[in-house]
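Structure record follows, encoded as structure tokens.
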Amino acid sequence: MTASADLQASRPASDWRSPPPLEGLKHPGRWVAGAVAIVLSFFVLESILGNSRLQWDVVGDYLFDPGILDGLKLTIVLTFAVTAVGMALGTLIATARMSKNPVLAWLAWFYIWVFRSVPLLVQLLLWFNIAYLYPKISIGLPLLPPILEGDANKLISATTAAFLGLTLHEAAYAAEIVRGGILSVDHGQTEAGDALGMSRARILRRIVLPQAMRSIVPAAGNLLIGTLKGTAIVSVIAVDELLYAAQFIYNRTFEVVPLLVVATLWYMFMTAVLSILQYFVERYYGRGATRSAVVSPWQQVRRALLRTRGAVITPKRGRE
């Protein structure tokens, strides 16, 4: 019998209701680190909010400017359109990458390699100048009349070039995210489905994907937020998104920093909204992964407050 077993055996039955000694162990280092972090955060916020050169009154004047809000709408539309099409295309590429067909697997690998190798800015500029390579664009099936035909300068506008560049770039990264999520599921799960006589499509839909989503969702959430911020780069090809709208105003008023603060505040707000959505999606697909229920941020704050209250009240009772 070990020493710990001897100690447990020697404890009276009434003591088993009380928490083990380690649960009540104090951590003064955590309190000190938290206090230092709060003080440093206060000084940083005070230096930012109290800086008169940021011209907060100008920030307030342009925060809901119609031009800024129009740019914000295009940024949101571009973000969700690029993410939806990029994830769908990335799923197809991931399927081809994992296919037993060597031609499809090689082509998928080549696509991923090309679009991850070329910088996004270079891709956007190439799509914006696609008319230099192909003055006329014709889309259709062989031996049939073209479905779409016209001048490349008219068909590929700045917004279309931005959508194509961002989507094809994102599809390469989404393919690797989906492939990584599927590979994270133990192969025994597929073998169990085979043993039950399930079809491959049903195994993928009912067994593999629900488990793979636990790995896919966090990375896809990061990709979505990255796309949101990546839309700012399309301002170089004169797409009227959020940053370009801010640049258009400060080129006229010369209030550069306050307008950049306006764009920053909107980017931070949208990132916060997307982070909340990501949390609930992760919570949905995380059901059953742990024995305990997933704790919401509000529940975490409430528990922290209760622990703090208990830590404050307990010494007073001890002195009484």
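The values are calculated or read from the model by the stated rules, or taken from the named source; none is laboratory data. What you see is a predicted model; the values in this text were computed from it and never measured. Cβ atoms come from the backbone with ideal geometry, glycine included; neighbour counts cover every protein chain shown. Protein only, heavy atoms only, side chains kept; ligands, DNA and RNA dropped before computing areas. Shrake-Rupley method; radii C 1.70, N 1.55, O 1.52, S 1.80 Å.
Assorted remarks:
- Positions within region 139-156 being part of a strand (DSSP E or B) and either within 36 Å of the chain's Cα centre (by Cα) or hydrophobic (A, V, I, L, M, F, W, C) (or both), in sequence order: Ile139, Leu148
- Close pairs from region 195-212: first among the hydrophobic types (A, V, I, L, M, F, W, C), partner not in a helix (DSSP H, G or I), Cβ under 6 Å, at least 6 apart: Val208/Val185; Ala212/Val185
- Any hit, region 124-134, residues being touching a residue at least 40 places away in the same chain (Cβ under 8 Å), farther than 25 Å from Ser99 by Cβ, aliphatic (A, V, I, L, M) and open to solvent by 40 Å² or more (accessible area, probe 1.4 Å): yes
- Pair list, Cβ < 7 Å and 6+ apart or interchain, from region 245-270 residues that are more than 16 Å from Leu54 (Cα to Cα) to residues that are among the acidic types (Asp, Glu) and assigned to a helix (DSSP H, G or I): Ala245/Asp70
- Among the residues of region 137-168, those identified as exposed (fewer than 11 other Cβ atoms within 10 Å of the Cβ) and in contact with a Leu (Cβ under 9 Å, 6 or more places away or on another chain) are Ile139, Ile147, Leu148.
- For the criterion of being more than 18 Å from Gln247 (Cβ to Cβ), touching a residue at least 40 places away in the same chain (Cβ under 8 Å) and of a type in the set (Phe, Trp, Tyr), Phe80 fails.
- On inspection, Asp70 does not qualify as open to solvent by less than 60 Å² (accessible area, probe 1.4 Å) and under 28 Å from Pro258 (Cβ atoms).
- Test for Arg53: is it surrounded by fewer than 10 Cβ atoms within 10 Å (Cβ to Cβ), closer than 30 Å to Val239 by Cα and either at pLDDT below 90 or within 32 Å of the chain's Cα centre (by Cα) (or both): yes
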